[in-house]
1. In nm, to one decimal, how far is the modelled label at residue 15 from the one at residue 63, with both set 7 Å along Cα→Cβ?
2. Which order do peptides 59-66, 28-35 fall in by mean Cβ count within 10 Å, highest first?
3. Simple spin-label model, 7 Å along Cα-to-Cβ: residue 70 to residue 36 in nm?
4. Using the Cα atoms of region 2-103 to build a convex hull, what is its mean projected area in square nanometres?
5. Using the basic label-point model (7 angstrom from Cα toward the beta carbon), what is the residue 25 to residue 45 distance in nanometres?
Amino acid sequence: MFNVALFGAGRIGQIHARNAAAGSELNLKYIVDPNQGAAAALANLTGATVVDADAAFGDGAISGVIIASATNAHLDHGVAGTSRGQTIFARSRWIWSSSARAARPRSFRKPRC
């Protein structure tokens, strides 16, 4: 079982949270969102715990991060996660855009799917 943290409790975050919580190989441990009400409601639905970004990234038991936050935060969340060895799931074209290229660490690899 892999512990994951979800960043973003909006519409897409809710979809990913339900899928992660329903999966047998993932444990949705944390939800991170500046909207505490939305985060708490989603945590209540999934059994996850609401924490801030530092707590989620700082937990060595977190294997992966699902990025469903605001688009302008995707790259920062991705860099923070990969710098700690966490696997990143983000359906974000912006991370791979030429304007984000300079900020991406070399460890970022575009998936082949």
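1. Label-label distance for residue 15 and residue 63, simple model: 2.4 nm.
2. Answer by packing, highest mean first, reads 28-35, 59-66.
3. In this crude spin-label approximation the distance works out to 1.8 nm.
4. 5.9 nm²
5. The modelled label-to-label distance comes out at 2.4 nm.
Every number in this text was worked out from the coordinates using simple rules, so none of it is lab data. Since this is a predicted model, take the numbers as computed values, not measurements. Neighbour counts run over all protein chains shown; Cβ positions are idealised from the backbone, glycine included.
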